[in-house]
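We did not get these values from a lab; they are worked out from the coordinates using the rules stated. None of the values given here were measured: they were computed from a predicted structure. Counting neighbours? That spans all protein chains shown, and the Cβs are built from the backbone with ideal geometry, glycine included.
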Amino acid sequence: MISCEPKALHEFRGEYKGKERWALVYRTLDNQYLVRFFINQVWREDRYISDHSEVYAEDTAENFVLGVIK
């Protein structure tokens with residue numbers, strides 16, 4: 001199990017093909033990142049981002065919202 005700080009660092013929202021897509025970026029307790037994906041308010045996936053920057057985690061979230069990550 002991955003433990004995170006309780007508050008998200010960043011939130012990304014958008015619509016793709018008629019579905020609301022939403023991603024949250026968290027910092028984990030081991031100073032890595034977790035990106036949580038939602039479609040229409042339903043959790044879809046968590047992605048653990050290790051050995052990358054906060055910007056990389058933000059880009060992952062944005063790519064999900066834009067539909068690059070299905």
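Work out from phi, with θ = phi - 60° and the Karplus expression 6.51 cos²θ - 1.76 cosθ + 1.60, the ³J(HN,Hα) of each residue of region 40-48, listed in order in whole Hz, and give x for Gly and Pro.
6, 6, 10, 4, 10, 6, 10, 10, 8
Arranged from highest to lowest average of other beta-carbon atoms within 10 Å per residue, in what order do the peptides 48-55, 28-35 appear?
Taking the mean over residues of other Cβ atoms within 10 Å, the ranking is 28-35, 48-55.
I'd like to know which of 4, 55, 38 lies farthest towards the positive end of the charge dipole of the chain, counting +1 on Cβ of Lys and Arg and -1 on Cβ of Asp and Glu.
My answer, from the dipole projection, is 38.
What dipole magnitude, in Debye to the nearest 20, does the chain give about its Cα centre under +1 on Lys/Arg Cβ and -1 on Asp/Glu Cβ?
For the chain, the charge dipole is close to 360 debye.
Based on Cα coordinates alone, diagonalise the gyration tensor for region 1-54, multiply each eigenvalue by 5, take square roots, and list the semi-axes in whole Å, largest first.
22, 10, 9
Pop a pseudo-label 7 angstrom from the Cα along the beta-carbon direction at both residue 31 and residue 11 and give the gap in nm to one decimal.
The modelled label-to-label distance comes out at 2.8 nm.
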